[in-house]
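Let me begin by presenting the structure, written as structure tokens, before commenting on it.
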Amino acid sequence: MTYDQIFLFSLLGVVFIFLLWGRVRYDLVAFAALVIAVIGGVVPAEYAFAGFGHEAVIIIALVLIVSRAMVNAGAVELVARLVLSTDRSLPTHIGIMSVVGAALSAIINNVAALVMLMSLDLEAAKKAKRAVSASLMPLSFATILGGMITLIGTPPNIVVAQFRERALGEPYSMFDFSPVGLVCALAGITFVTTIGWRLIPKPDAAATIGESGEPALFVVEARVKEDSEAIGKPLGALYPLADKHDVSVLGLVRRGKRLPGFAAGEEVRKSDLIVIEGDPQSVEAFIGAAKLRTPGSGKSESLTGKSLKLVEAIVPDNARMVGRTALDLRLLYRRGVALLGVSRQGRRFRERVRNLPIKPGDMVLLLGPESRVADAAEWLGVLPLAEKSHNVIQRGKAFLTIGVFTAAVAAAVIGLVPLSIALAATVIIYTLFNVIGAREVYEAVEWPVIVLLGSLIPLGLALEESGGTRLIAEGLVAQAGTLPPWAILAILMVVTMTLSDFLNNVATSLIAAPVGLSVARALDVSPDPFLMGVAVAASCAFLTPIGHKNNTIIMGPGGYRFGDYWRMGLPLEIMIIAVGVPAILFFWPL
């Protein structure tokens with residue numbers, strides 16, 4: 001072995017140990033390893049940061065931004081709203097949520113798909129009075145499986161596609177992963193829906209649905225839009241929709257005056273204000289479903305077209321707004337922020353929200369662009385709750401968002417522009433139309449993953465150029481002896497899958513892809529089956545909560561323990577190997 005090979009194997013061994021240890025953030029570990037490799041002379045200084053300009057890094061960052069914009073515009077909600085029902089049996093609910101989760105994960109990042117659907121799953125579990133642990137893990141696994149279907153669904157596919165371009169001169173296209181990915185996803189979803197969820201341990205009392213603290217309930221006024229289906233119907237006709245979204249309809253405001261009682265029999269007219277009570281997310285969802293609009297969102301008002309946030313804030317004794325109303329403060333005119341609702345220790349009130357004098361201890365719900373809300377909160381002297389900030393869905397831009405994304409994918413597929421350029425143009429259009437704000441563009445990017453990828457790409461290149469990956473491949477082929485190529489492919493997938501269970505899937509694919517290519521060359525067969533095997537195996541991290549971010553996200557809400565994942569994850573991984581190897585060899589022959 002040469003000096004470069006010894007140095008790189010030793011360095012990557014230390015990196016893997018630190019990643020398994022988990023006490024130091026993985027991006028810091030990778031960046032430190034890159035610096036050490038440069039100092040050690042195995043990575044040239046002029047190429048040290050070339051990984052950050054690599055197309056795979058750019059595509060992953062852009063996919064994350066596009067995913068956030070799709071959620072902001074309600075494009076995801078259009079589909080998700082159809083799947084939430086408390087009337088279905090648990091297996092049916094898991095099946096529908098899994099199919100929708102997998103489908104969304106194929107067109108947006110699988111982490112974004114899970115985050116969006118997880119809130120719906122939590123809501124469904126709460127209404128059905130069952131433990132959310134029975135459905136959250138299947139949903140997480142389904143979104144991971146769905147990511148394998150397209151190039152942009154999961155980072156390992158992007159990494160493998162870009163590696164193929166560098167090694168063989170041509171990358172995988174958007175749907176090259178689809179045949180194998182669909183077979184694996186369908187088999188996996190069938191398993192988690194019929195058998196897998198039954199293998200999840202029954203939750204403790206603490207793990208059943210039910211939060212330790214009930215969310216604050218705000219009284220909110222929302223105006224009836226011209227196209228609202230409520231027009232001409234009694235206000236009571238909105239009660240079923242309100243129940244579905246966990247809000248209460250308290251009354252009606254017409255010509256500036258609150259009508260007596262709950263006004264349930266009063267016919268709703270255009271421009272009436274409907275008085276609602278609920279937590280911020282439920283209120284926002286109901287306003288969208290009922291085609292209402294919030295203060296400041298009218299044609300002549302200042303919040304139109306902006307990327308908005310709902311922020312809960314506490315009113316202290318010395319706040320500027322104590323004893324004053326939103327009308328007195330002229331909040332929308334002066335600060336570009338609307339007072340959407342007020343919560344007063346669970347008490348209801350009949351005053352108009354904008355005419356209600358604010359008292360110390362009240363909680364107020366502010367609506368506006370994030371930067372303006374922060375400035376307005378400081379001017380008002382209120383204390384925003386960082387964990388109580390909610391994005392406002394811009395449902396009117398859903399079809400624009402979907403259309404632009406579809407056009408970008410089509411342009412990339414037919415070869416008009418590279419995928420990275422198509423996605424970059426998409427982000428620019430989303431920004432111009434305020435589907436996503438300038439600050440959100442940076443917030444949407446998962447920077448630790450970008451640093452990890454940008455740091456490990458030069459190390460992977462150095463390992464390949466030093467002959468290190470060839471040594472690994474030759475060792476694997478030698479150990480396999482006289483086994484046929486399909487068996488060696490299965491072994492490579494098992495090793496890759498095991499690494500991905502304990503390491504970041506991006507790091508696994510960066511190391512395993514060159515090894516797969518070297519194995520194929522050593523066997524003198526087509527490299528595509530082995531690269532596809534690496535892509536599938538690196539994505540399938542089902543044994544632990546640390547192998548894939550989706551599994552980490554559900555651990556707290558689902559009340560899972562570290563050892564719960566393998567019960568459903570191990571048979572699922574075995575199934576993916578059993579189904580994946582024949583599918584790969586069928587669609588990508590040796």
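The values are calculated or read from the model by the stated rules, or taken from the named source; none is laboratory data. Keep in mind it's a predicted model, so treat the numbers as computed, not measured. Methodologically, a virtual Cβ is constructed for each residue, glycine included, from the backbone with ideal geometry; neighbour enumeration extends over all protein chains shown. With ligands, DNA and RNA removed, areas are computed over all heavy atoms of the protein, side chains included. Shrake-Rupley method; radii C 1.70, N 1.55, O 1.52, S 1.80 Å.
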If you keep only loop residues by DSSP, which trypsin sites (Lys or Arg not before Pro) in the range 339-380 have at most 16 other Cβ atoms within 10 Å of their Cβ?
348, 350
Please give the helix 485-502 orientation as an angle from the longest Cα principal axis of the chain, in degrees from 0 to 90, rounded to the nearest 10.
40 degrees
So what is the orientation-averaged projected area of the chain, using the convex hull of its C-alpha atoms, in nm²?
28.5 nm²
Fully extended, how many nm does the chain gain between residue 383 and residue 498 (0.36 nm per residue separation, minus their Cα-Cα distance)?
36.7 nm
Computed label-point distance, nm, for sites residue 21 and residue 88 using a 7 Å Cα→Cβ extension
4.5 nm
Using a probe radius of 1.4 Å on heavy atoms only, what accessible surface per residue do you get for the chain? Whole Å² is fine.
42 Å²
Would you mind working out the magnitude of the charge dipole of the chain relative to its Cα centre, with +1 at each Lys and Arg C-beta and -1 at each Asp and Glu C-beta, to the nearest 20 Debye?
2520 debye
Asserting the computed 222 nm helical MRE of the chain (DSSP H runs at least 4 long, -39500 (n - 2.57) per run, divided by residue count, to nearest 500) equals -17500 deg cm²/dmol
For the range 437-513 and the range 46-78, what is the centre-to-centre distance using only Cα atoms, to the nearest Å?
20 Å
Sparse-neighbour loop sites [trypsin sites (Lys or Arg not before Pro); the range 514-590; at most 15 other C-beta within 10 Å; DSSP]:
561
Any idea which of 497, 234, 339 is furthest toward the positive side of the dipole for the chain, if Lys and Arg beta-carbons carry +1 and Asp and Glu beta-carbons -1?
234
Can you work out the FRET efficiency for the pair residue 374 and residue 173, with r the C-beta to C-beta distance and R0 = 56 Å, to the nearest 0.05?
0.85
In nanometres, what is the gap between the two model label sites at residue 103 and residue 243, each 7 Å from Cα along Cα-to-Cβ?
2.8 nm
Where labels lie 7 Å past Cα in the beta-carbon direction, separation of residue 96 and residue 291 in nm:
2.3 nm
Between the helical axis of 90-107 and the dominant principal axis of the chain, each derived from Cα atoms, what acute angle in degrees is found, rounded to the nearest 10?
70 degrees
The chain: angle of helix 55-72 to the longest principal axis, Cα-based, in degrees nearest 10:
20 degrees
Cleavage-rule hits, trypsin sites (Lys or Arg not before Pro), the range 109-147, DSSP coil, Cβ neighbours within 10 Å at most 14
129
If R₀ is 41 angstrom, what is the calculated FRET efficiency for the pair residue 410 and residue 36, using the beta carbon separation as r and rounding to 0.05?
0.40
Hey, with R₀ at 30 Å, roughly what FRET efficiency would residue 442 and residue 333 work out to, going by the Cβ-Cβ distance, to 0.05?
0.50
Subtracting the Cα-Cα distance from 0.36 nm times the residue separation, let me have the gained length for residue 487 to residue 47 in nm, one decimal.
154.7 nm
The range 453-544, accessible surface, carbon-and-sulfur percent (1.4 angstrom probe)
63 percent
Looking at the chain, identify the longest residue range that excludes and avoids all GluC sites (Glu not before Pro) in DSSP loops having at most 15 other Cβ atoms within 10 Å.
352-590
Evaluate the Debye formula for the range 106-203 with equal point scatterers sitting on the alpha carbons, no solvent, and hand back log10 of I(q)/I(0) at q = 0.16, 0.22 Å⁻¹, in q order, two decimals.
-0.73, -1.07
Over 23 Å between Cα atoms: which of 244/291; 127/549; 225/257; 233/257; 129/225; 129/244 fall into that group?
127/549; 129/225
How much length, in nm to one decimal, is gained on full extension between residue 6 and residue 561, taken as 0.36 nm per residue of separation minus their Cα-Cα distance?
196.0 nm
According to the square roots a ≥ b ≥ c of the eigenvalues of the Cα gyration tensor, what is the shape class of the range 377-454, taking rounded for a/c under 1.5, prolate for a/b larger than b/c otherwise, and oblate for the remainder?
oblate
Solvent-accessible surface ranking, highest first, for 68, 23, 324 at 1.4 angstrom
23, 324, 68
